[in-house]
Amino acid sequence: MIKKGEFCGIAFYDIYRKAPAVDHLSKIQYLDIKTYLCDDILTKVDRASMAVSMEVRCPILDHVFMEYAAKIPSKYKLVGKDGKHIFKKALKKFLPDDILYRKKMGFGVPLEEWLRKDLKDYGGDMVLNGAASRQFLQAPMLEKFWNEHQSGLRNRSTELWIIMMLNLWQKNFGG
C-alpha cells in the first residue's frame, strides 16, 4: 500500500486511496488512468496526430471496456514479469509474437542524437559557455561530459540537458 509520506503528492494519494479497486495493482492502474494517461500520454497523441491533420481513436479506452478490464483480478493481468497477460493471451491468435511481445515504445525524445547532431552547436555553446555553467559548475567537468557524449563514449544527454535548462533558466530569470 502507498502511504501519504512515500508518495509524490496529496492529490495522487487521494486518487489512489479512493480508487474503486481491491488490490494494489488495480489501484495503481486506476491512478495511471486518472493522471498519466489523460494528462500526459493522450495529450501527446492528440497533439501529434492533429499536427498532421489526423484524428486518432483509442477504442480500447472505451469506458465500457475499461470498466470491464478493471474488474479482472490482478493475478490475470500480471503473470511474473508479463504485463497485460490476459490481453496478450486473448490476441495471440490474431497477432504475431514479435508484435505481442515487443519492447514498449514510449514517447521518448531522441535527445542523445539531437545533442550530437541538430543541437550540437547550440547545446555545446549553452553547456560550455552559459552563465550558469560558468558561475556554478566546473569547466573541466562540463568539457568531460560534453566530449564523452560527442565521442559516443557515454550517453550524457540527461546531464547535458539539465545543464542547458539551468542556463536557460539563468538567462530568463536570473539576475
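General remarks:
- Pick from region 19-65, criterion assigned to a helix (DSSP H, G or I) and of a type in the set (Asp, Glu), ranking: nearest to the chain's Cα centre (by Cα): ASP40
- Region 23-57: number of residues that are surrounded by 11 or more Cβ atoms within 10 Å (Cβ to Cβ) and either in contact with a strand residue (DSSP E or B) (Cβ under 6 Å, 6 or more places away or on another chain) or hydrophobic (A, V, I, L, M, F, W, C) (or both): 11
- Within region 77-114, the set of residues being among the hydrophobic types (A, V, I, L, M, F, W, C), part of a helix (DSSP H, G or I) and within 30 Å of ARG156 (Cβ to Cβ) comprises LEU111, TRP114.
- Pair list, Cβ < 6 Å and 6+ apart or interchain, from region 42-71 residues that are on the phi < 0 side of the Ramachandran plot to residues that are of a type in the set (Gly, Ala, Ser): VAL56/SER49
- Verdict on LYS93 being out of contact with any helix residue (DSSP H, G or I) (no Cβ under 6 Å at 6 or more places or on another chain) and either in contact (Cβ under 8 Å) with a residue 40 or more places away in the chain or more than 18 Å from ILE163 (Cα to Cα) (or both): yes
- Flag if LEU100 is more than 25 Å from ASP14 (Cα to Cα), aliphatic (A, V, I, L, M) and out of contact with any Ser or Thr (no Cβ under 9 Å at 6 or more places or on another chain): yes
- Per the listing GLU143, GLU67, GLU112, GLU148, the residue uniquely modelled with pLDDT under 95 and charged (D, E, K, R) is GLU67.
- Region 92-113, residues that are surrounded by 10 or more Cβ atoms within 10 Å (Cβ to Cβ) and under 22 Å from LEU25 (Cα atoms): LEU100, TYR101
- Hits in region 65-91 (condition: closer than 16 Å to TYR30 by Cβ and among the aliphatic types (A, V, I, L, M)): MET66, ALA69, ALA70, ILE72, LEU78
- Qualifying residues in region 142-175 (those that are of a type in the set (Gly, Ala, Ser) and outside any helix (DSSP H, G or I)) - the one farthest from ALA132 (Cα to Cα): GLY152
The values are calculated or read from the model by the stated rules, or taken from the named source; none is laboratory data. Predicted, not measured: the structure shown is a model, and the values here were computed from it. Reconstructed Cβ throughout: ideal geometry from the backbone, glycine too, with neighbour counts over all protein chains shown.
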